[in-house]
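Okay, so here's the structure we're looking at.
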Amino acid sequence: MAEKKQWVVMVTAQTPTNIAVIKYWGKRDEARILPINDSISVTLDPDHLCTVTTVAVSPAFDHDQMWLNGKEISLSGSRYQNCLREIRNRAGDVEDKEKGIKIEKKDWEKLHLHIASYNNFPTAAGLASSAAGFACLVFALSKLMNVNEDPSQLSAIARQGSGSACRSLFGGFVKWTMGNKEDGTDSLAVQLTDEKHWNDLVIIIAVVSSRQKETSSTSGMRESVETSLLLQHRARDVVPQRVLQMEEAIKNRDFASFAQLTCADSNQFHAVCLDTSPPIFYMNDTSHRLISLIEKWNRSEGSPQVAYTFDAGPNAVMIAPNRKVAVQLLQKLLFCFPPKPDTDMNSYVLGDKSILQEAGFEGANGVEGLPHPPEMKEGEVSYFICTRPGRGPIVLHDQTHALLDPETGLPK
Ligand code: DP6
């Protein structure tokens with residue numbers, strides 16, 4: 001190792017979040033995070049939803065430390081420890097000729113890390129922040145430590161942080177193959193198509209206001225595995241076939257099949273939650289009203305216009321086949337789910353604002369003047385995010401993105 005003691009070497013990376021269209025729900029091995037079925041997701045554009053993580057190493061650090069959204073958090077949990085151990089085991093030699101620093105493979109076990117992570121969306125909004133977070137941690141560390149593994153191998157490490165994180169190592173459409181080996185080495189993510197393959201798709205997320213604290217995915221799925229017969233049927237008899245059909249639909253950009261499968265799988269996942277003892281309710285009245293709106297529209301047109309899917313919370317993720325339909329969808333959503341009075345449209349519709357403009361709502365123009373269905377209350381939805389399928393993780397080379405100070409390795 002170099003003699004000079006005060007150097008800091010760091011890497012900053014950005015990783016997207018993902019939403020499953022065929023859900024992962026249930027583990028066959030809790031410690032290794034091995035699922036009972038395959039799942040498929042679409043990666044969301046990191047311009048609108050992502051995690052940025054800076055990882056740093058220095059001989060001056062005396063223990064591993066992590067900050068999430070500016071607050072120090074503990075790394076003592078087994079999920080963090082498993083990810084750190086797996087990545088350290090694969091670390092290679094690193095040389096920074098400019099700074100005259102050389103770290104050899106054997107040095108890594110003695111060196112400590114500083115990690116700072118930031119989500120560009122509210123962590124509490126229930127938008128799969130752990131998926132982007134663990135994927136970003138593993139990806140950034142793999143770059144810092146010169147780990148020579150492909151993204152699928154890295155996905156098997158991120159999986160040990162949070163199952164759904166393994167699918168955030170790729171852009172576009174991604175499949176997490178459950179694998180069948182006991183050690184889990186074949187339980188990893190593969191890319192089905194990149195984000196350009198089906199780039200007409202528009203995704204609108206409704207962040208639904210909710211007062212109640214939801215059951216975490218981890219404990220919810222444990223209870224379903226222990227008590228739901230429907231979950232056994234789903235994993236054995238339904239998902240294998242559905243995964244094949246979904247892969248075909250994605251390959252052929254067949255929106256009607258894609259939408260039918262996506263909605264059916266979301267509804268079955270929530271039926272499994274209801275079949276769990278005691279039952280778990282992730283969706284609320286607003287979620288149900290969003291489903292009715294889309295189901296009625298799809299039925300009136302005779303073919304699916306929009307797909308919807310819900311994770312372990314009340315938020316709706318709606319997918320439209322193209323901008324034209326997305327504009328109609330946003331108009332319907334703003335009409336049926338208006339903001340509270342005096343809300344600026346710019347803070348009610350986030351992400352890709354051009355869809356808002358096309359829908360005829362510019363700047364601070366509200367929807368106050370529009371007649372609303374009497375049963376719809378204002379403020380049921382906190383805000384909408386317009387986005388699209390997006391790319392996988394990248395390194396951010398521009399130092400201005402770094403979350404740690406390059407001299408001290410402490411949060412900026
Ligand atoms: C409903 O990946 O959060 O979002 O593996 O225990 O960390 P752990 O669970 P997590 O579960 C995600 C469940 C889901 C469906 C999905 O993303 O496939």
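The values are calculated or read from the model by the stated rules, or taken from the named source; none is laboratory data. The structure displayed is predicted, hence computed values, not measured ones. Here the Cβ positions follow ideal geometry from the backbone for every residue, glycine too, while neighbour counts run over all protein chains shown. Note: areas computed on protein heavy atoms with side chains; ligands, DNA, RNA excluded. Shrake-Rupley method; radii C 1.70, N 1.55, O 1.52, S 1.80 Å.
A few points about this structure:
- Of everything listed in (1) polar (S, T, N, Q); (2) touching a residue at least 40 places away in the same chain (Cβ under 8 Å); (3) within 15 Å of the ligand (Cβ to nearest atom), the single unmet condition for N199 is (3).
- Residue in the range 6-22 that is within 16 Å of the ligand (Cβ to nearest atom) and open to solvent by 30 Å² or more (accessible area, probe 1.4 Å) present: no
- First in the range 76-90 and open to solvent by less than 40 Å² (accessible area, probe 1.4 Å), second anywhere and aliphatic (A, V, I, L, M) and away from the ligand (no atom under 16 Å from the Cβ), Cβ under 7 Å, 6 or more apart: I87/L141; I87/M145; I87/V147
- Selection within the range 205-224 - charged (D, E, K, R) and within 13 Å of the ligand (Cβ to nearest atom): E214, R222, E223
- Strands (runs of 3 or more DSSP E) lying entirely in the range 29-84 (those with 2 or more residues that are touching a His at 6+ places or on another chain (Cβ under 7 Å) and more than 16 Å from the ligand (Cβ to nearest atom)): 50-58
- Pairs with Cβ under 7 Å, 6+ apart, first in the range 285-308 and among the polar types (S, T, N, Q), second in a helix (DSSP H, G or I) and modelled with pLDDT of 95 or more: S303/A256; Q305/W297; Q305/N298; Q305/V325
- In the range 130-155, the qualifying residues are those that are within 13 Å of the ligand (Cβ to nearest atom) and open to solvent by less than 10 Å² (accessible area, probe 1.4 Å), and the one that is nearest to G390 (Cα to Cα) is A132.
- Restricted to the range 139-246, the set of strands (runs of 3 or more DSSP E) holding at least 1 residues that are under 16 Å from S39 (Cβ atoms) comprises 173-177, 188-193.
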